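Q: So that we are looking at the same thing, I have put the structure below in structure tokens.
The values are calculated or read from the model by the stated rules, or taken from the named source; none is laboratory data. Values in this document were obtained by computation on a predicted structure and should not be read as measured data. No Cβ is skipped: glycine too gets one built from the backbone with ideal geometry, and neighbour counts run over all protein chains shown.
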Amino acid sequence: MSKSKSSSSKDAKDAPDSAKVPKVKLEPREAYDAAIEKAHARLQKDVTHATDKLVKALQRRSRHKPAVDPNKPKSPMTAFFLFRKQHHQSIKDSCGKLSMPDIAKKIGLKWKALTDEEKEPYNVEAQKARAQYKLDLAEYEKTKAIKPAGEDVSIPTSPPKAKRQKTK
């Protein structure tokens, strides 16, 4: 066996250079340059397309939440939320360690069990708060209209954070 290996290696050493390297037909330089240009154009098109898609996605994301003026009056609580504010702590204390959704369910059931007469104080308070809100909003609109046209009332917000992608 060792003889055959050594003899084949001698033959390869003794063979002329033309027998060692297969002949490859070389293309002219122009054909090579044209292929490179075509590949470069295709890559540039793909990159431009991907960039356009990314820009559109970011624009869609940033449209969802307008800036909020801190001077604008906050909308008032409804009758249910006034009831919830008053009874939340007592239900939390009486039931022990319940989760927030469970406490919210108990408050909702308690609210549904109330009669219209029992809900009346909360409804009256909510109507008063709504009337006060309308007055405050009208006053706010007047002061907003007085400001010069060039002055922006809104506060710029930072762009929204990108959502995390789930890993497999």
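Q: Return the pair list, or none, for Cβ contacts closer than 9 Å from residues in region 101-119 that are over 17 Å from GLN89 (Cβ atoms) to residues that are aliphatic (A, V, I, L, M) and part of a helix (DSSP H, G or I), at least 6 apart or on different chains.
A: Going by the 9 Å Cβ cut-off, the qualifying pairs are LYS119/ALA79.
Q: Then there is this: Residue under question is GLY108, and the condition is that it be of a type in the set (Gly, Ala, Ser) and in contact with a helix residue (DSSP H, G or I) (Cβ under 9 Å, 6 or more places away or on another chain); does it hold? It would help to see each step written out before you state the result.
A: Details: of a type in the set (Gly, Ala, Ser): yes; in contact with a helix residue (DSSP H, G or I) (Cβ under 9 Å, 6 or more places away or on another chain): yes.
Judged against the criteria, GLY108 is a match.
Q: Would you check if ALA79 is at pLDDT 90 or above, surrounded by 12 or more Cβ atoms within 10 Å (Cβ to Cβ) and in contact with a Phe, Trp or Tyr (Cβ under 7 Å, 6 or more places away or on another chain)?
A: Working: at pLDDT 90 or above: yes; surrounded by 12 or more Cβ atoms within 10 Å (Cβ to Cβ): yes; in contact with a Phe, Trp or Tyr (Cβ under 7 Å, 6 or more places away or on another chain): yes.
It is true that ALA79 is at pLDDT 90 or above, surrounded by 12 or more Cβ atoms within 10 Å (Cβ to Cβ) and in contact with a Phe, Trp or Tyr (Cβ under 7 Å, 6 or more places away or on another chain).
Q: On the given criteria, is ILE107 modelled with pLDDT of 90 or more, part of a helix (DSSP H, G or I), β-branched (Val, Ile, Thr) and surrounded by 13 or more Cβ atoms within 10 Å (Cβ to Cβ)?
A: Numbers: modelled with pLDDT of 90 or more: yes; part of a helix (DSSP H, G or I): yes; β-branched (Val, Ile, Thr): yes; surrounded by 13 or more Cβ atoms within 10 Å (Cβ to Cβ): yes.
Spelling it out, ILE107 is indeed modelled with pLDDT of 90 or more, part of a helix (DSSP H, G or I), β-branched (Val, Ile, Thr) and surrounded by 13 or more Cβ atoms within 10 Å (Cβ to Cβ).
Condition check ((1) at pLDDT below 85; (2) surrounded by 10 or more Cβ atoms within 10 Å (Cβ to Cβ); (3) over 30 Å from GLN127 (Cβ atoms); (4) not assigned by TED's automatic domain parsing to the domain that holds TYR140) across all residues:
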site: ASP17; (1), (2), (3), (4): yes, no, yes, yes
site: VAL21; (1), (2), (3), (4): yes, no, yes, yes
site: TYR32; (1), (2), (3), (4): yes, yes, yes, yes
site: ALA39; (1), (2), (3), (4): no, yes, yes, yes
site: LYS74; (1), (2), (3), (4): no, no, no, yes
site: ILE91; (1), (2), (3), (4): no, yes, no, no
site: GLY96; (1), (2), (3), (4): yes, no, yes, no
